[in-house]
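The values are calculated or read from the model by the stated rules, or taken from the named source; none is laboratory data. Since this is a predicted model, take the numbers as computed values, not measurements. Because the Cβ atoms are built from the backbone with ideal geometry, glycine has one as well, and the counts that use them run over all protein chains shown.
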């Protein structure tokens, strides 16, 4: 918790340092409170747009050395557009000036602050439980209920983790799967690792609980978090499960060292196979490999989305369209979970138009081949 507060404080300081020259420029260029406020808003928006352009340019690289400055610039944008600029607009609304300009600034400040409060305090704690159906010709005859969690990314044990557990228990699933990223900072941050372990210790399913490694922390961190819990960490391996509707295989590959050939080796093509991996772009190598269903995470659903436009970015090579939900890639159905947590590493802990989720997938056999429904 202290670490998160320090990250927010550093972002606030950076935003203030950027606003100081903008404020001086606004004072020189316009007289009157409303004129200066309008120019300050424009300057703040320009700085934020520039920072976002840097993010967009760096995101496709998606290398570890670029992520910290990228996320820190996001934190700075959050303070600029979500706090300081709206507060400045509200302050200007109560100063002398044209009535119409004061009203516009006041409305803008109220709306922007409302969005900021929702994104920072409300939506990240509102865990949803979407139910999605996947109809496949080769699915087990008795059907399968799969609870899909991803990107738990705890900072500490809180309401979000408890709500996720409540949803999973209410699902009464046949399988629980976790597709990477469990504790922000890995074992290095003990409070985060303890929160992830608390959740892992309490997960139960009829046929087992399975997980794969992700980007956050190291595979050794994940191994330590899950040691002694009901969660089985799959590292380029597969497990066969006998069910009343026929055998199913659950395979999983490492994020850092994916070996699909090793994970899928020995699985008969006629038997139902679920593959777990952290990153969605791995689906591009799956057609013809005998995978009946691919489950992944990583995108967070974009974490911040604009109504009518969608996510600003997903940090995924497949593009913004593949943010969350059920999709098909050249005959391979796959599901992207929007995740439970939020990005760490100096990023603002915000969600907007993209609440955390724990998804229940009902996989059943259909007569007309593969169909996807949500």
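Report the residue count in region 155-196 for those that are free of Cβ contacts under 8 Å to residues at least 60 places away in the same chain, out of contact with any strand residue (DSSP E or B) (no Cβ under 8 Å at 6 or more places or on another chain) and within 28 Å of residue 248 (Cα to Cα). Final tally of qualifying residues: 4. So for region 140-150 (the condition being within 19 Å of residue 343 (Cα to Cα), at pLDDT below 95, surrounded by fewer than 14 Cβ atoms within 10 Å (Cβ to Cβ) and assigned by TED's automatic domain parsing to the domain that holds residue 225), does at least one residue qualify? So far as region 140-150 goes, no, none of its residues is within 19 Å of residue 343 (Cα to Cα), at pLDDT below 95, surrounded by fewer than 14 Cβ atoms within 10 Å (Cβ to Cβ) and assigned by TED's automatic domain parsing to the domain that holds residue 225. Restricting attention to region 357-374, and to residues there that are touching a strand residue (DSSP E or B) at 6+ places or on another chain (Cβ under 7 Å) and part of a loop (DSSP other than H, G, I, E, B), which single residue is modelled with the highest pLDDT? Here the answer is 358. Taking (1) more than 17 Å from residue 168 (Cβ to Cβ); (2) modelled with pLDDT of 95 or more; (3) surrounded by fewer than 18 Cβ atoms within 10 Å (Cβ to Cβ) in turn, residue 206 satisfies each apart from (1). Right, residue 223: surrounded by fewer than 19 Cβ atoms within 10 Å (Cβ to Cβ) and under 21 Å from residue 299 (Cα atoms) or not? In short, no. If you go through region 311-340 and keep only what is at pLDDT 95 or above and within 28 Å of residue 191 (Cα to Cα), you end up with 336, 337, 338, 339, 340. Touching a helix residue (DSSP H, G or I) at 6+ places or on another chain (Cβ under 7 Å), within 15 Å of residue 358 (Cβ to Cβ) and assigned to a helix (DSSP H, G or I): does that describe residue 196? When the stated conditions are applied, residue 196 passes them.
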